[in-house]
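Q: Before I ask anything, here is the structure I am working with.
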Amino acid sequence: MLSPTMHACQRCGYNLVQSPVQPNRARLRARLSELDSLITALQAERDALQAESDGIVYPALSLPPEITADIFEHCVVPLSIPSSALVPLLLTRICREWRQIALASPRLWQSLQIPGSLPVTVLKTWLSCTGNLPLDFLFHTRDYSDTLFESMLRRSHQWRDVHFAILPMLLHRINNRDNLLPNLRKIHLDVCGLDVYPETIRIRNAPLLREALVTTHTNFELPWQQLTSLKLAYKSLMECLAILACCPLLRHLDASPDTLGSAVTQPTVVTLAHLESCISSFSDHSLLQYLALPRLEQLSLYSIGDRPGHAAAFMERSRCRLRKFDVLSGIFVSDHFREILLALPDSVEHLSVSWWHAERADVVFATLGEVEILPRINRLILKGDELSRDGYQSLFDALRARAQGTTHMSVSVSVHEDVYSRGITVLPDSAQIGQFRELVAMGMNLRLEVSTTVDSSPVVFDWT
């Protein structure tokens, strides 16, 4: 019998000294059996939990698809908001069901922004989702490539509200001598750069076009005779008058002629019989000195200018019942501001004035204190960049004079203090706050807001 201490055979490697095999094998098999039982139990538990999870339906997912699609459409915001173009894409990333509903809702994709960096494949996919519905879009690029532009031109029959901010070299592609624009209602023509396209761009065959914004030196020919709203910029006074003479149906106008080359060789008054609101200015190159607007209700001035006599002549010529007057610029000569208000008819009920620097605030308040000037004002909006303690007192004196002459008046005053330049923020003291409360007791609705360049939370005194 071999000794247990004998070494392994050098020929076959057999070794008599080995650990017991049977006990180890039994132990492993027992453990495997235990694990098999656990796996069976865990699988049964998993199946039960999965069934319970599958039975849970979120309320939002239980809605009929057409209701969900209608809700999606209310999530779309105007193109003027930069992030609006992302809304349809965000809705496709929530879940599979929402993605299918979004892609099957053409109205969700009617509005889009097209930067020059947008891949053509993305644009084509987006357009395919719109079907044949009208399109609203902002096309903005500084690229000379017309690949994206050509894709949009193929859809010109769907254009509805469009804004082109492109290089002059691409403008000629809009020249639609033959293309039909049956859905076009509003167009904004702009340029990226100072170059001028040498030829006149003609946009025709747009029977529904009612609103146009032309903010470029390039000449355009539009169906002026059917427009009801028009904005003109970078045009000479003669160009503006020539265009307006072709716009008999205008109701809203925003135009300030270019100061270069604005001489009028043959002064001719253009009468716009339907115009209700106008934004312009009284200056050397004022468009208003050549207009008669008998139905004008709202007049806003970019600047008062240095020709206040033009205002009196304009009002005498128009004989309109003006109801709202706005001074958009806070820079004006003291005497001119008073002369402008004196020229306005007594029918004005809503007055909005901006000032720049405290000395102009004093002029505004002193003029408003003369109650014989615009005696029917019942809505007053005042905005300025600074106001001193004495300025608050002048404001109170003017409002008190007005409050004594009317049974009801609503006043909003906004002051934005530049702390960096002034170093301090001036607020009304307790005595002045008490005076303002007296005005409220007299029946005035008053709101005073003071904001600063360093604090996002304004100080608000609201007695409305």
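Q: Select from the range 346-373 the residues that are assigned to a loop (DSSP other than H, G, I, E, B) and over 33 Å from the mean Cα position of the chain (by Cα) and list them in ascending order. Break it down into steps so the answer makes sense when it comes.
A: Initial filter on the range 346-373 (assigned to a loop (DSSP other than H, G, I, E, B)): 346-349, 356-357, 369-373.
Matches in the range 346-373: Asp346, Gly369, Glu370, Val371, Glu372, Ile373.
Q: Also, I was wondering about something else. For Pro428, all conditions in the list (1) buried (at least 17 other Cβ atoms within 10 Å of the Cβ); (2) more than 24 Å from Ile304 (Cβ to Cβ); (3) in contact with a strand residue (DSSP E or B) (Cβ under 8 Å, 6 or more places away or on another chain); (4) in contact (Cβ under 8 Å) with a residue 40 or more places away in the chain hold save one; what is the number of the exception?
A: Only one criterion in (1) buried (at least 17 other Cβ atoms within 10 Å of the Cβ); (2) more than 24 Å from Ile304 (Cβ to Cβ); (3) in contact with a strand residue (DSSP E or B) (Cβ under 8 Å, 6 or more places away or on another chain); (4) in contact (Cβ under 8 Å) with a residue 40 or more places away in the chain is unmet by Pro428, namely (4).
Q: Looking at the range 362-373, I want the residues that are of a type outside the set (Phe, Trp, Tyr) and have a partner that is in a loop (DSSP other than H, G, I, E, B) and surrounded by fewer than 19 Cβ atoms within 10 Å (Cβ to Cβ) with Cβ atoms under 7 Å, at least 6 apart or on another chain. Which pairs are those?
A: Thr367/Ile373; Val371/Gly405
Listed here are the residues, each with its yes/no results for (1) closer than 18 Å to Asn183 by Cα; (2) part of a strand (DSSP E or B).
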{"position": "Leu118", "(1), (2)": "no, no"}
{"position": "Thr121", "(1), (2)": "no, no"}
{"position": "Lys124", "(1), (2)": "no, no"}
{"position": "Asn132", "(1), (2)": "yes, no"}
{"position": "Phe137", "(1), (2)": "yes, yes"}
{"position": "Phe149", "(1), (2)": "no, no"}
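Q: May I ask you to say which residue of Val353, Val363, Val454 is surrounded by fewer than 18 Cβ atoms within 10 Å (Cβ to Cβ), out of contact with any Pro (no Cβ under 7 Å at 6 or more places or on another chain) and hydrophobic (A, V, I, L, M, F, W, C)? Walk me through it before giving the result.
A: Details: Val353 fails: surrounded by fewer than 18 Cβ atoms within 10 Å (Cβ to Cβ); Val363 fails: surrounded by fewer than 18 Cβ atoms within 10 Å (Cβ to Cβ).
Just one listed residue meets the conditions, Val454.
Q: Still on this structure, please answer the following. How many of the residues in the range 192-250 are surrounded by fewer than 15 Cβ atoms within 10 Å (Cβ to Cβ) and touching a Cys at 6+ places or on another chain (Cβ under 8 Å)?
A: Residues flagged as surrounded by fewer than 15 Cβ atoms within 10 Å (Cβ to Cβ) and touching a Cys at 6+ places or on another chain (Cβ under 8 Å) within the range 192-250 amount to 1.
Q: If I filter the range 157-171 for residues that are of a type outside the set (Gly, Ala, Ser), surrounded by 14 or more Cβ atoms within 10 Å (Cβ to Cβ) and over 27 Å from Thr125 (Cα atoms), do I get at least one hit?
A: yes
Q: So for the range 430-448 (the condition being of a type in the set (Val, Ile, Thr), more than 29 Å from the chain's Cα centre (by Cα) and either outside any loop (DSSP other than H, G, I, E, B) or modelled with pLDDT of 90 or more (or both)), does at least one residue qualify? First the steps, then the outcome.
A: At the first step, the residues of the range 430-448 found to be of a type in the set (Val, Ile, Thr) are 433, 440.
Subset that is more than 29 Å from the chain's Cα centre (by Cα): 433, 440.
From the residues that got through so far, the ones that are either outside any loop (DSSP other than H, G, I, E, B) or modelled with pLDDT of 90 or more (or both) too are 433, 440.
Checked the range 430-448: at least one residue is of a type in the set (Val, Ile, Thr), more than 29 Å from the chain's Cα centre (by Cα) and either outside any loop (DSSP other than H, G, I, E, B) or modelled with pLDDT of 90 or more (or both).
Q: Could you check how many residues of the range 23-62 are surrounded by 10 or more Cβ atoms within 10 Å (Cβ to Cβ), under 20 Å from Glu97 (Cβ atoms) and at pLDDT below 85?
A: Of the residues in the range 23-62, 2 are surrounded by 10 or more Cβ atoms within 10 Å (Cβ to Cβ), under 20 Å from Glu97 (Cβ atoms) and at pLDDT below 85.
The values are calculated or read from the model by the stated rules, or taken from the named source; none is laboratory data. None of the values given here were measured: they were computed from a predicted structure. So basically every Cβ, Gly included, is an ideal-geometry build from the backbone, and we count neighbours across all protein chains shown.
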